[in-house]
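Take a look at the structure set out below.
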Amino acid sequence: MSLVRLENIAIHFAERTLLEGLSWQILPRERYGLVGPNGAGKTTILRLIAGEIEPSHGTVWRLKHLECGYLPQETTAEEYRPLFEAVYGALPDIPALAAELEELRHAMVAEDSRDELLERYGVLESRWMAMEGYSAESRVGRVLHGLGFRQDDYERAVSTFSGGWRMRVHLAKLLLQSPDVLLLDEPTNHLDLPTLAWLEEYLEEFRGALIIVSHDRAFLDRMVTSIAEIDRGHFRKYAGNYSEFERERERRQEKLEAHAARLATERQRIERFVERFRYKASKARQVQSRVRFLSKLEKVEQETQARHIRFHFPDAPHSGRIVLKVKRLSKQYGDKTVLRDIDIVLERGQKVALVGVNGAGKSTLCRLITGLEPPTSGELRLGHEVRLDYFAQEADFHLKGGRTVLEELSAEASISELPNLRRMLGVFLFRGDDVFKPVDVLSGGEKSRLAIAKILLRPSNFLILDEPTNHLDIPSKEVFLSALKEYQGTLLMVSHDRYFLERLVDRVLELEDGKLKEWPGNFGEYLEQKALFQRSEKEAVPRNPVRDSSEVVGHKTKDQRRSEAERRSQFFQRRQFLQRRLDELSQSIERLEARKSELEELLSSEETYRHGEAVREIVAAYEQIRRELPQLYEEWEHLEGQREILENEMAR
């Protein structure tokens, strides 16, 4: 039975039709990713389901007594209560029940005749027990801790937190309410990696229907089992997560392109006939017939996919081998120490992720390296011929007022790049007349996208990027990722986008409690080791797979020797895992190659084609193997590369 049903929905804004003929059923425990270009109507659909707006046409049917929780991209509600009290108050019925029980306890102490009060108290206490009221405060504490709040935040008024933290407060309330339908609009925008990992684990236990709008591919891949796509008014559903949806969409696009090519060939053939015999009386009827046929010939609407568009960073001077050297760097604001004794050496061509919880000091370290702030103590030196470029989260830092979007980008472009600027702006979601908007009236997200586009035009050999992908959709991220992968300079990047980092960086630095730690391996290996380290901490097993950047090399203590032994053990476990998977892939590849040879032999036999149904089955099986084999080879090559890196690391 449906929880929510949208029937023939239309949404009109002024003279623009946003949605037309949309029908969708939301079933219990379904997990949808709602995707589509910016402005396609994703947020509008969430607000329709939540009951915040009504359709211009059509019906929204909801199950009686349905509880729907909606997390918008931005919250404007002011909340002056302390954090813990505000979140506890969102629990369904429990706060009111607790207040009434407290009143009854006071009344029973004050009055001699307590039979009626005792009876009422017993009824309420039974309900309290059934609702697990005694564990309510610990549940609130668990959710607040998981979302990154500290215990000394509990008495702070919610209004004193920043916008991103207030969004976490709103999310905490929704998670504790556990509604029948949970609608999340870009929930990962204000979350760091540890909080994001906790949220995923929490949502895996969620029992209601879940609809997520997100530009975080890794989050969608883990959280959803179906994709609903809205694009230029068309609504389509796909089984599987985002990666499966993308593969299916690619196959559908290939079919559309092939169909469009066939239609174009047919159109050209008919047009040649019409042009040849247009003035020949004996062919007049045939010409008219073909003209009518041309007018009815369908037009295939194909998708414009930004990931097929490529941009490259301009060439920059070749820098020295050492790009950045930081020694015992510290930064204090008053009595608060943000960074303490930081040591870093970055070499030419390295791509490095700088990670840590929100507030760990990542942006501060970026500003120190760029020279925008002075350190309290320590040394910081850029290498020979280093040309640094910096993307800050505060987009106004990069832009000048008094220009249009196109003028702002043109100011950075060379003459050869000018013809491509409109196309570049389209990739970063400035389309049509958007390019003539004054920079001063752009939203924060629009300014960030424009600042990223400008970076693609400037020659540099050392890039520092502080959360550059927050306001990009998935196709725009793909274009930016492709450019960064080909970038020949050195990269230091702050981001919580796991898909992006897994495909880009080869080194991970983590800020924690003011200190810098380096994790061996790439970002995928960092996530695995971090998870293992956290599990071992919970089990009270002394493991320490990281090395402190400020550690002085000398005689090894007992703890250091034990730490190295633990690290070797983890390397061995990781190598075993990789070898097992490589063996599995080798067996699968060998089996599929053998089956492929058998099918090719069948397809080369004339006898096969005498049985139509058998031919279709053989061809289908052959095409399936042709699709699977490249994926298996790609995974084998990737894991083999990881195994070699691990062997080299163990040999050091």
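Structure data summary
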| quantity | calculated |
| --- | --- |
| Pairwise label distance in nanometres, LYS327 with HIS57, each label 7 Å out on the Cα-Cβ vector | 7.4 |
| Between segment 414-455 and segment 13-83, the alpha-carbon center distance in angstrom | 29 |
| Sites GLN25 and SER586, calculated FRET efficiency, Cβ-Cβ separation with R0 41 Å, nearest 0.05 | 0.40 |
| Computed lengthening from PHE397 to ARG595, 0.36 nm per intervening residue step minus Cα-Cα distance | 65.4 nm |
| Stretchable slack from GLN73 to GLU407, in nm (0.36 nm times residue separation minus alpha-carbon distance) | 117.3 nm |
| Span from the segment 613-647 Cα centroid across to the segment 387-403 one, whole angstrom | 44 |
| Relative packing of peptides 464-475, 17-28 - highest average C-beta neighbours within 10 Å first | 464-475, 17-28 |
| Sorted peptide list for 43-49, 439-445, criterion being average Cβ within 10 angstrom, highest first | 43-49, 439-445 |
| Potential extension, ALA96-GLU528 segment - 0.36 nm per residue separation minus Cα distance | 151.2 nm |
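None of the figures in this text is laboratory data; all of them are computed from the coordinates on show. Treat the numbers as computed from the prediction; the structure is a model and nothing was measured. FYI the Cβ positions are ideal-geometry reconstructions off the backbone, even for glycines, and counts take in every protein chain you see.
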